[in-house]
1. Could you figure out which of (1) touching a Leu at 6+ places or on another chain (Cβ under 7 Å); (2) under 27 Å from residue 173 (Cα atoms); (3) modelled with pLDDT of 80 or more; (4) of a type outside the set (A, V, I, L, M) isn't true of residue 12?
2. Please verify whether residue 113 is open to solvent by less than 60 Å² (accessible area, probe 1.4 Å), at pLDDT below 85, of a type outside the set (D, E, K, R) and touching a Phe, Trp or Tyr at 6+ places or on another chain (Cβ under 7 Å), treating the condition exactly as stated.
3. Which pairs turn up if I take residues in the stretch 140-156 that are among the aromatic types (Phe, Trp, Tyr) and assigned to a helix (DSSP H, G or I) and look for partners that are modelled with pLDDT of 80 or more and open to solvent by 20 Å² or more (accessible area, probe 1.4 Å) with beta carbon separation below 8 Å, at least 6 apart in sequence or on another chain?
4. Search the stretch 116-126 for residues being open to solvent by less than 30 Å² (accessible area, probe 1.4 Å) and assigned to a loop (DSSP other than H, G, I, E, B), and hand back the single one that is farthest from residue 85 (Cα to Cα).
5. Hey, residue 70 hits all of (1) surrounded by fewer than 17 Cβ atoms within 10 Å (Cβ to Cβ); (2) over 12 Å from the mean Cα position of the chain (by Cα); (3) touching a residue at least 12 places away in the same chain (Cβ under 8 Å) but one; which does it fall short on?
6. Would you pick out the residues in the stretch 51-110 that are farther than 20 Å from residue 130 by Cα, of a type in the set (A, V, I, L, M) and touching a strand residue (DSSP E or B) at 6+ places or on another chain (Cβ under 8 Å)?
7. Residue by residue through the stretch 127-186, note down the ones that are over 16 Å from the mean Cα position of the chain (by Cα) and open to solvent by less than 20 Å² (accessible area, probe 1.4 Å).
8. Every residue in the stretch 171-186 that is among the hydrophobic types (A, V, I, L, M, F, W, C) and in contact (Cβ under 8 Å) with a residue 60 or more places away in the chain, please.
Amino acid sequence: MGIAVWCQDEAGPFATIPYPGESWQEQEHPATYPHEYIRDGTAKLLTLFHPKDGRVRVKGVQTCTNQVLHPWLKQELAEILQSLPPSQRAMNPDEIRLLWQRWRENLSIKFTLPQELPALRMLLVCDNLAGHKTPEFVVWLCTHGILPLYTPLGDSWMNMAESIQRILKQRALSGQHPQTPQQIID
């Protein structure tokens, strides 16, 4: 059994503007948009993408602070971990610690590893943003057996997550003129 790989990214902002594309209108009655429009906020898309089978977990939000992103990620990642089969390779705690310490060797900012570390169960590929490296969040990941990988190391995986976001945006907003951020989210 291998280690699960999931990619995490935030897309947006998506503004309350007319989006080009087809729309479903009665024939000979095309959709029209006002020549002037009011920008009334934006929405963002939180995404977890599993490249092996194409599963996507998303959430639309109006802001993407750590207070919004981290609770959502923790909830989704905990559900994903519960669905994974148990690790079949038994390792003693010293072997597990050695694996985690090897990963930590090349970090420019090292954090203290928790005393008890579980076996590695998942790789989480993230952007190289400060919010993804907060000590509380990284320790939470570690205590749940999740190894964060940051771009540029995981760039090709991140490109896949960004591609799925573009597909979702195009399918959801093509030909639409959302008036509020909530309409974009819906």
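The values are calculated or read from the model by the stated rules, or taken from the named source; none is laboratory data. Note that this is a predicted model, so its numbers are computed, not measured. Positions of Cβ are backbone-derived with ideal geometry, glycine not excepted, and every protein chain shown enters the neighbour counts. Just so you know, the surface numbers come from the protein's heavy atoms only, side chains and all, with ligands and any DNA or RNA stripped out. Shrake-Rupley method; radii C 1.70, N 1.55, O 1.52, S 1.80 Å.
1. All conditions are met except number (3).
2. yes
3. Qualifying pairs under 8 Å: 140/74.
4. Per the criteria, the residue is 117.
5. The single condition residue 70 does not satisfy is (2).
6. 56, 58, 80, 81, 84 - these are the residues of the stretch 51-110 that are farther than 20 Å from residue 130 by Cα, of a type in the set (A, V, I, L, M) and touching a strand residue (DSSP E or B) at 6+ places or on another chain (Cβ under 8 Å).
7. 142, 145, 173, 175, 178, 181 - these are the residues of the stretch 127-186 that are over 16 Å from the mean Cα position of the chain (by Cα) and open to solvent by less than 20 Å² (accessible area, probe 1.4 Å).
8. Correct list: 173, 184, 185.
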